[in-house]
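A.B. asks: Got a structure for you, questions after.
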Amino acid sequence: VPYQRALAEAERDPLGKAASMVAKDVRSVVGLQDAADRLGDLAPFMFPLADSAISRFELLTSGYNAPATLSLVDNLIATHASELAIVMGSLSGHVSNRTGNEFDEQHANCALEILRIAGSFKRSLKSFDNSVKDRLRSLSDMMLDDTLEEKGGGELPDVLEPAQLRSFLAKEACNLSPDFIDDGTGVKLPASVVELRRLATAKTNSAADGAPLFPKSVDSVSRLARSCQSFVFEVCYAIPEQNLRGISALPVWKQDGIDSEDEESYGILPQSFITHVGEHILALVQALEPFASDKEALGLANEVMTGVIEVAVQPWKEFVAAAGVSLTGDEKSELTSLMRGKEVSHFFGDDGENDVYNQHEEEEDEEEDPDDEASTAFCNQWLDVVGLAVAGRLLERTMRIPRLGRKGAEHLAADLNYIRNVFTALGVAGHPHPLLGYMAKLVTMDEESLQFKIHSRQGEKTPSDALEVIKRAEIRIAYVRGISV
């Protein structure tokens, strides 16, 4: 009887020891390939332990004192998910510190495999959540079984199921104060029954309209998903970041000289740093497609793709700061709006490129196979976030160029137009970002036109932070070009 009443406390130590052993194995993971190979086995390890704990709870208490056991199981799964997220963070650090300018497709495959593992973990949590709810509903029905009470006088019924006997004994041991309360419909039911039914209808996710059955686990899995998204992003974005990091200080921007013979013959060609970025982005397509063609793996990875755009926010934050703007509205929504470019094109006037509408929509009379469509959508999601990060970083680096001579401006325009052409070739909706084309025009715009553009905006009401960013960018370009405003 004491063990039944304090089941959760009795379970805490053995479950904690088992969890510590698994955590030790998780922490020993080193390197990308090791993570992809071992985490697939280690990630789901807690669910059989958690299921066994629920089975013992079901067997020994028949549903009484449910919150204590559910909280114990919640902590068990949440801690394991947190350990996995920590490993993702350490792997991200290795990616950020890597050197070299060669992209290894195997790294991308390993990173995507880890994303699949996170998706499998999330799906397992959903399945476990639904299973526990079904068991709680059955236990609540069993609590209302009054077969033994109806007989009275110590007489047992002719047939008694084991579950009925367990429920009766658990009730005598655990239900020390059998209060009756309103179940919300005006019906008075035992408090334990009402509690189980409330738990059995809890939300699966941390929705605002109801607490989930395992709230800590849901939050930890969300953090795990974000860690895995960041990890895949850093693998795919590492080379562009390396190539763009130091470009603001390139001496080419200060050049005012005349055209060389090669430039007179072939025009100004994009510089090597931007061609490396473009070639990498095009190579990403081939790196993503094999994983995306696996229907099962793709389905699991899509479980943890919600909000993936957030991994590309940092370069845009730095672009806004480099332009000298402090966002006045909700930072997340303002940055997302700026990144998507939906509100910026109409601020350009006649100098804007209609890039944002380059949606590359499929012809209505062409129906794509659902599997191919899902594969394409997944690839495009990652090309989208990498493309957004590249655009944001290139704009931010442009804002930090200290001086821009005539020849330097032509080089910058060539680089910006090159990357725009790469994005156009990809055919990803929303790319190239309209600010890339507008910036290419600003750096080569004649002095009078740029002065007129800036002066015409003076006194103009600023309806959004996006317009303020554009105004400050125009002034910054004029300043580095030596144009008085």
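The values are calculated or read from the model by the stated rules, or taken from the named source; none is laboratory data. Quantities reported herein were computed from a predicted structural model and do not represent experimental measurements. Here Cβ is always computed from backbone atoms with ideal geometry, including for glycine, and neighbour counts include all displayed protein chains. Side chains are part of the model used for accessible areas, which takes the heavy atoms of the whole protein and leaves out ligands, DNA and RNA. Shrake-Rupley method; radii C 1.70, N 1.55, O 1.52, S 1.80 Å.
A.B. asks: Hey, does segment 59-74 have a residue that's in a helix (DSSP H, G or I), crowded, with 19+ Cβ neighbours inside 10 Å and within 23 Å of the chain's Cα centre (by Cα)?
C.D. replies: yes
A.B. asks: Restricting to segment 400-416, what's the tally of residues that are part of a helix (DSSP H, G or I) and surrounded by fewer than 22 Cβ atoms within 10 Å (Cβ to Cβ)?
C.D. replies: Total meeting the criteria: 5.
A.B. asks: Now for a separate question. Any residue in segment 120-139 that is over 24 Å from LEU84 (Cα atoms) sitting within a Cβ distance under 8 Å of a residue that is outside any helix (DSSP H, G or I) and open to solvent by less than 40 Å² (accessible area, probe 1.4 Å)? List the pairs, counting only those 6 or more apart or interchain.
C.D. replies: Short answer, once both residue conditions are applied: LYS133/ALA202; LYS133/LEU213; LEU136/GLY63; LEU139/SER62; LEU139/GLY63.
A.B. asks: Look at LEU395 and say whether it is aliphatic (A, V, I, L, M), closer than 22 Å to ALA312 by Cβ and surrounded by fewer than 23 Cβ atoms within 10 Å (Cβ to Cβ).
C.D. replies: Against the criterion (aliphatic (A, V, I, L, M), closer than 22 Å to ALA312 by Cβ and surrounded by fewer than 23 Cβ atoms within 10 Å (Cβ to Cβ)), LEU395 does not qualify.
Here is a yes/no grid of residues against (1) open to solvent by less than 80 Å² (accessible area, probe 1.4 Å); (2) modelled with pLDDT under 85; (3) not β-branched (Val, Ile, Thr):
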site	(1), (2), (3)
TYR266	no, yes, yes
VAL285	yes, no, no
GLU289	no, no, yes
SER293	no, no, yes
GLY299	yes, no, yes
GLY307	yes, no, yes
SER326	no, no, yes
ASP355	yes, yes, yes
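A.B. asks: Looking only at residues in segment 206-218 that are at pLDDT below 90 and assigned to a loop (DSSP other than H, G, I, E, B), which one is surrounded by the most Cβ atoms within 10 Å (Cβ to Cβ)?
C.D. replies: In this case the residue turns out to be SER206.
A.B. asks: If you don't mind, there's one more thing I want to ask. Write out, first by first residue and then by second, each pair whose Cβ atoms fall under 7 Å of each other, whose residues are 6+ apart or on separate chains, and whose first residue, in segment 57-79, is under 15 Å from ALA10 (Cβ atoms) while the second is among the β-branched types (Val, Ile, Thr).
C.D. replies: Pairs that qualify, where the first residue is under 15 Å from ALA10 (Cβ atoms) and the partner is among the β-branched types (Val, Ile, Thr), are PHE57/THR69; VAL73/ILE54.
Here is a yes/no grid of residues against (1) without any contact (Cβ under 8 Å) to a residue 60 or more places away in the chain; (2) part of a helix (DSSP H, G or I); (3) not acidic (Asp, Glu):
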site	(1), (2), (3)
LYS453	no, yes, yes
GLN458	yes, no, yes
LYS461	yes, no, yes
ILE475	yes, yes, yes
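A.B. asks: If I filter segment 41-56 down to residues being over 17 Å from ARG116 (Cα atoms) and without any contact (Cβ under 8 Å) to a residue 12 or more places away in the chain, which single residue comes out as nearest to the chain's Cα centre (by Cα)?
C.D. replies: PRO48
A.B. asks: Here's a check for you: in segment 458-485, which residue that is over 37 Å from the mean Cα position of the chain (by Cα) and loosely packed, with under 15 Cβ neighbours inside 10 Å is farthest from LEU416 (Cα to Cα)?
C.D. replies: Residue satisfying both the conditions and the ranking: GLY459.
A.B. asks: Now for a separate question. If I filter segment 195-205 down to residues being part of a helix (DSSP H, G or I) and open to solvent by 30 Å² or more (accessible area, probe 1.4 Å), which single residue comes out as farthest from THR61 (Cα to Cα)?
C.D. replies: By that ranking, first place goes to ARG198.
A.B. asks: Moving to a separate point now. Taking the condition part of a helix (DSSP H, G or I) and over 22 Å from ALA118 (Cα atoms), does ARG38 pass?
C.D. replies: no
A.B. asks: Right, something else. Does segment 107-118 contain any residue that is basic (Lys, Arg), open to solvent by 10 Å² or more (accessible area, probe 1.4 Å) and at pLDDT 80 or above?
C.D. replies: Yes, because at least one residue in segment 107-118 is basic (Lys, Arg), open to solvent by 10 Å² or more (accessible area, probe 1.4 Å) and at pLDDT 80 or above.
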